[in-house]
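Here the structure comes first, spelled out in structure tokens, and everything after it is commentary.
Read-outs: derived from the displayed coordinates by stated rules, not from any lab. None of these values were measured; they are calculated from a predicted model. Here Cβ is always computed from backbone atoms with ideal geometry, including for glycine, and neighbour counts include all displayed protein chains.
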């Protein structure tokens with residue numbers, strides 16, 4: 001199995017490792033991080049150990065199942081969060097997600113991690129569309145998606161019972177051709193595209 005590895009100027013996205021356990025457990029147990037995420041706190045150590053073990057050995061080429069990669073600062077080798085995707089066989093699309101330890105919020109790390117993930121999904125996995133769902137109250141998350149060029153496609157009002165109340169969600173998407181156009185513009189801003 002070829003290990004998963006993507007890099008940016010400040011970050012490395014890679015398979016989980018055993019040494020990621022404490023950082024992973026810390027942000028999974030942070031109420032601010034967990035607020036809009038699917039897990040409940042306290043997040044048990046046993047579950048974290050199981051998760052890290054599964055992800056460190058999981059193929060990133062899976063279809064119809066989630067793969068999560070650790071987001072690591074290059075400068076310090078500190079694991080600061082994770083990003084995930086599920087490529088579906090039926091519609092040739094992927095769903096993505098991400099979470100960061102709260103001390104790294106507001107520094108552009110989420111967008112920086114998602115850019116190479118999009119490149120990987122569109123260029124190497126050949127998906128035609130990438131989707132992301134976010135709680136309508138999670139302003140930082142949906143602003144990150146919009147900054148990356150995602151288009152809001154839906155607003156599901158009080159559509160899901162979530163952590164003791166009705167929650168509204170936004171659904172965002174990006175097509176491969178939209179990514180290519182934006183990517184070309186980023187490479188050559190004077191191209192007029």
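Ellipsoid fit via the Cα gyration tensor, region 106-160: semi-axes of 22, 16, 8 Å, each the root of five times an eigenvalue, largest first.
Quick check on the exposure proxy: order 88, 134 from fewest to most C-beta atoms within 10 angstrom.
88, 134
Distance between the 7 Å Cα→Cβ label points at residue 66 and residue 177: 3.2 nm. Where only DSSP H runs of four or more residues are counted, the chain gives -8500 deg cm²/dmol as its mean residue ellipticity at 222 nm, each run worth -39500 (n - 2.57).
Which translational diffusion coefficient, to the nearest whole µm²/s, is obtained for the chain from the Stokes-Einstein equation, given a Kirkwood hydrodynamic radius over C-alpha pairs, 20 °C and 1.002 mPa s?
For the chosen part, D equals 123 µm²/s.
Here the relative contact order of region 5-191, from alpha carbon pairs under 8 Å that lie six or more residues apart, stands at 17 percent.
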